[in-house]
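The values are calculated or read from the model by the stated rules, or taken from the named source; none is laboratory data. Owing to the predicted nature of the structure, the values given are computational and were not obtained by experimental measurement. Don't worry about glycine lacking a Cβ; one is built from the backbone with ideal geometry, like all the others, and counts go over all protein chains shown.
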Amino acid sequence: MAATLTLHLGSGYQNYQNPNVLNRAGSQTAKPGNQVLPNGPNYAWGNVGNTGSDAAPQATISFYFCTPGGAVDKWKYFLNNLIGIVPVNVPANDTTGQPVTCPDVWAPNSTAHTCMIAVVQAPNDPLPPGFMDPETTPQIGDRRVGQQNLLMASMAAGTTQAVAFRAPETAGSTLRVTQGGTDGGAMPAMASADAGEGAAAVEFGLLPGLRRDAGDVARPLARAEAAGTVRSLTVGEGEEGFRELWLHVPEDARPGSTAFLRIEAVQADRVVGGLAVLVRVE
């Protein structure tokens, strides 16, 4: 018999927002969450399970990140940004999982949209041939792979800005943005690593049209320009690419408070991708 390693423990989450692949922001003992410090230190965290009848004493979990300044549909964009590889001993029939913190410090090369991916394998549960070939697409639905799409915005009270993001979308899909609270709404495992000051009541919406200038960055935007924002939109032919999330933090927002949003791409009533958004009040 063989081990059957998995990063798909539990239920109630999308592949792009896996609660078994998180980050410890600031220290190796910080609570795992969806907050990432733009300048570090950050420590990747994973939870590895095994539904097989054999233990995997020589398993490893590898962590990668990518800033989608263009596309993230190939393994090569992640393989260029290895965070670290950590050994883990996973017992047989372990549906709770073995938590692992990568000791290698990392920081994203963007202040906004960052994707994290983790991959598990073992001598008695090897990856299929060509599974991580640089020109292949990461199979985030595979049990061995966990992904975390993160969008970070740090804003002062009373400020407004538009944050660029690239969602996994195709023509005919619908993009929608919702607010889930600092506890991640239906996904408590997605709680912010630093939400001690409570929830921030931010205003938000999607700006219609594409982001024309290059770069995965935020830009100031007058509050009056929010008149054209929507909570959902349909992607037309030739309209795939960078879009913008409009955000406004009220004057009375408390420093240290956070807001948790989700941007989801939906096709035929099925969520096919998206990202978590964490807004922190400075």
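Of note:
- Residue list for region 165-177, restricted to those being modelled with pLDDT under 85, over 15 Å from the mean Cα position of the chain (by Cα) and in a strand (DSSP E or B): none
- If you filter region 109-148 down to residues that are hydroxyl-bearing (Ser, Thr, Tyr) and surrounded by 20 or more Cβ atoms within 10 Å (Cβ to Cβ), you find that the one that is nearest to residue 46 (Cα to Cα) is 114.
- Qualifying residue in region 156-165 (condition: in contact (Cβ under 8 Å) with a residue 60 or more places away in the chain, among the hydroxyl-bearing types (Ser, Thr, Tyr) and surrounded by 22 or more Cβ atoms within 10 Å (Cβ to Cβ)): no
- In region 188-217, of all residues being crowded, with 20+ Cβ neighbours inside 10 Å and closer than 21 Å to residue 33 by Cβ, the one that is modelled with the highest pLDDT corresponds to 204.
- For region 218-243, filtered to residues that are at pLDDT below 80 and within 20 Å of the chain's Cα centre (by Cα), the residue that is farthest from residue 109 (Cα to Cα) is 240.
- Residues (outside any loop (DSSP other than H, G, I, E, B), modelled with pLDDT under 95, under 21 Å from residue 30 (Cα atoms) and in contact with a Ser or Thr (Cβ under 8 Å, 6 or more places away or on another chain)) located in region 87-125: 114, 115
- All positions within region 1-52 that are on the phi > 0 side of the Ramachandran plot and touching a Phe, Trp or Tyr at 6+ places or on another chain (Cβ under 7 Å): 40
- Total residues in region 217-240, condition without any contact (Cβ under 8 Å) to a residue 60 or more places away in the chain and part of a loop (DSSP other than H, G, I, E, B): 2
- Just one of the listed residues (48, 36) is in a strand (DSSP E or B) and among the β-branched types (Val, Ile, Thr), and it is 48.
- Yes/no for residue 65 being assigned to a helix (DSSP H, G or I) and at negative phi: no
- Number of the condition not met by residue 68 [criteria: (1) within 29 Å of residue 2 (Cα to Cα); (2) at pLDDT below 95]: (1)
Conditions tested, residue by residue: (1) surrounded by fewer than 24 Cβ atoms within 10 Å (Cβ to Cβ); (2) part of a loop (DSSP other than H, G, I, E, B); (3) at pLDDT below 85; (4) more than 17 Å from the chain's Cα centre (by Cα).
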| position | (1), (2), (3), (4) |
| --- | --- |
| 245 | no, no, no, no |
| 252 | yes, yes, no, yes |
| 265 | yes, no, yes, no |
| 272 | yes, no, yes, no |
| 275 | no, no, yes, no |
